[in-house]
Structure formats: C-alpha cells, structure tokens
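Structure first, then comments.
Every number in this text was worked out from the coordinates using simple rules, so none of it is lab data. Quantities reported herein were computed from a predicted structural model and do not represent experimental measurements. FYI the Cβ positions are ideal-geometry reconstructions off the backbone, even for glycines, and counts take in every protein chain you see.
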Amino acid sequence: MSTAVHRSDRRRGRGAVEGLPDWDRCAVMGVVNVTPDSFSDGGHWFDTAAAVKRGLSLVADGADLVDVGGESTRPGASRVDEDEEMRRVIPVVRELAAEGALVSVDTMRATVARCAVEAGAVLVNDVSGGLADLGMIPTVADCGVPFVLMHWRGFSHDMNSRAVYGDVVAEVVAELQDRVDAALAAGIAAERLVVDPGLGFAKEARHDLALVAGLADLRTLGRPVLVGGSRKRFLGHVLAGPDGTPPPARARDAATSALSAIAAHEGAWAVRVHAVRATADAVRVARALTPPE
Ligand code: PMM
C-alpha cells in the first residue's frame, strides 16, 4: 500500500460528528464517574462539587469532552435507580456546561439523557447502544444531539457470561450495524452517530485485544469510532506479573496512554480516559504521523 493511500485510510472514519467541533486529531474524552463504586475511580468524585472540580481539571489537562456518568457499569454491578442517577448527574452536567466544558452524559436511561441535554450536555453516550431503554433512541432523535452507540450484550450483573464469540470482531461489527440501523430508522442523522466496541463489556481480555487490533474493521461501519479502554481489565491482564496478579486499576495509566496512541493511529475519533494529560500527548504523537495533506 502506498504511503498516500495508507495515510488517507487512517484518516477516513476519524470523521466529523455533526454538532461537535471538528477536531483535527483524535479527541480526548475525560471521565467523571459520579458513583461510589465505579471500578477504577468510584467514590472519588461522589459529590457535585468534587465532580465539577474533577471535570474542570480534566479540561485543564486537555480533555475535549467530559463524560459524566452516575451509574457504575463494572462487571457484577447492580443498577442504580433513576432518581438517584438524576441526583448524581444533572447538577454536575449543568455546572460543567455553565463553565464552558463540552459535556457528554453516560447513561442508559432516556429520561436522564433528556434532562442532561436540557442541562447543557452536547452528546449522549449510551453503553447499551439504545437497548437498555427502548425510549433512548427516540429521545436522542428528538433532542437532535450526537449519540454514542456502544456494543453491549446485557446488564453488568451477568455480562461476563455473554462473552461468547466465534469471531469477536465480525460479531461486534454486525451487532453494531444493527444498532446503527435502529438509530437511522428512528430518525437520528447518520452524521450524529458514533460507534464504540465496548471494551470490557461482555468481553474477555483476548476479545478486547482482538477488537483493538481490528479497529480498521470497525471503521467499515462508516462512522467515527470511540475507544474506551482506560484502566480496564484487559490492560491489567497484559501488565500482570509472573504470578498473574494484575496491577491495580490506577497503575494502568501508562498502558492506557499507549492504547490511546494506538487507537488514534488506527483512526479512532476519540478515546475515553480517566487520566487525560498523558493521553492528550499520546494522541498528538499519533497525529503527527498523519499530518494534513
Ligand atoms: N466504559 C465504561 C463506561 N462508559 N462509555 C463508552 N462509550 N465506552 C466505554 O468503553 C465505556 C463507557 C466503563 O468504564 P469506567 O467504569 O471506568 O467509566
């Protein structure tokens, strides 16, 4: 493959998302989990003031978007009720948006998504790709905001039992295509859709690694790709010592930056991370390899 073709292939699919800035590199989405129990940062930003402060520090570190969520999706987690999710998320979205941050809301609930958009969120990030709440896709269509469709096979309490694949990349692409079709059929503009392989969701480490290696296949869906691998189990698996013990989640940020560079080089539209600064540098290095033509 010639260098020119190679370059344009890497650039294709990074794409623009209608309603968001057209970042000329992989964007960085910083995570604010307003939860007592998310697997890597649960409990740290569990009140509104701490969560807003955290979001602003992520922006200062180079985050292009701040993703605010109020429900832990770690494997085995049980659901939080809707009133509690609202109480956690909406004030944080409102304050961060008022401070000028571009806020995305990480929710599986249509009502939370709508209230978050009314409070200033510019993007809805649904880890269930619209499957957990059948009101989600019509609501996002009505709100007219961009929508992240993540690959998902079921709620966290038993998702590990659904990590059964023949060809994980082909199956994730096909299942995401179904979600894209459902979103288009409900009237969400193609230009507002983003797809995400859902690393760690109903996947074992080998599945996550195959999906990262197969990002080019995900881009055949024709939509920008978001990659959320920050601190996840598969990185712990890669980093495990000789006795097989993985380092704790917070000791996986260097590996996360390496993953971010790879994802950016493979044409990801954005990466979703807890520690922004190193990833912001990593995606710039990747960007420097594919300068504008
Ligand atoms: N992962 C988590 C939560 N939300 N959203 C998207 N789009 N992609 C992801 O991979 C994703 C997500 C779980 O990770 P966390 O508990 O560290 O936030």
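Data for the structure
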{"item": "Long-range amide H partners of A27 with built H, under 5 Å", "result": "A270, V271"}
{"item": "Label-point separation in nm, E191 to A174, each point 7 Å along Cα→Cβ", "result": "3.3 nm"}
{"item": "At R0 = 25 Å, FRET efficiency that the Cβ-Cβ distance of R206 and D281 yields, to 0.05", "result": "0.30"}
{"item": "Cα centroid separation - region 92-130 against region 159-198, whole Å", "result": "21 Å"}
{"item": "Extension gain (nm, one decimal) between L134 and E118, 0.36 nm per residue minus Cα-Cα", "result": "3.8 nm"}
{"item": "Residue order, fewest to most surrounding Cβ atoms within 10 angstrom, among D167, D67, D106", "result": "D167, D67, D106"}
{"item": "Exposure proxy ranking, count of Cβ atoms within 10 Å, fewest first, for C115, C26", "result": "C115, C26"}
{"item": "Kyte-Doolittle mean at least 0.0 and Cα axial length at least 15 Å: DSSP H helices in the chain", "result": "48-60, 168-185, 253-265, 276-289"}
{"item": "FRET efficiency for A258 and T111, using Cβ-Cβ distance with R0 set to 25 Å, rounded to 0.05", "result": "0.05"}
{"item": "Full-stretch length increase - R87, A16 - with 0.36 nm per residue and alpha-carbon distance subtracted", "result": "22.3 nm"}
{"item": "Region 3-288 - Rg over Rh from alpha carbon coordinates, Kirkwood radius", "result": "0.93"}
{"item": "Cβ-Cβ FRET estimate between V238 and D181, R0 fixed at 35 Å, reported to 0.05", "result": "0.55"}
{"item": "For a label point 7 Å along the Cα-to-beta-carbon line of D217, residues of region 121-141 with backbone N under 17 Å", "result": "none"}
{"item": "Estimated dipole of the chain in Debye, rounded to 20 [Cβ of Lys and Arg +1, of Asp and Glu -1, Cα centre]", "result": "760 debye"}
{"item": "Percentage relative contact order, the chain, counting C-alpha pairs under 8 Å, at least six apart", "result": "21 percent"}
{"item": "Segment E99-R162, length gained on full extension (0.36 nm per residue, minus Cα span)", "result": "18.6 nm"}
{"item": "Approximate spin-label separation D142-S78, in nm, with each point projected 7 Å along Cα-to-Cβ", "result": "3.1 nm"}
{"item": "Ranked V169, V34, criterion: other C-beta atoms within 10 Å, fewest first", "result": "V169, V34"}
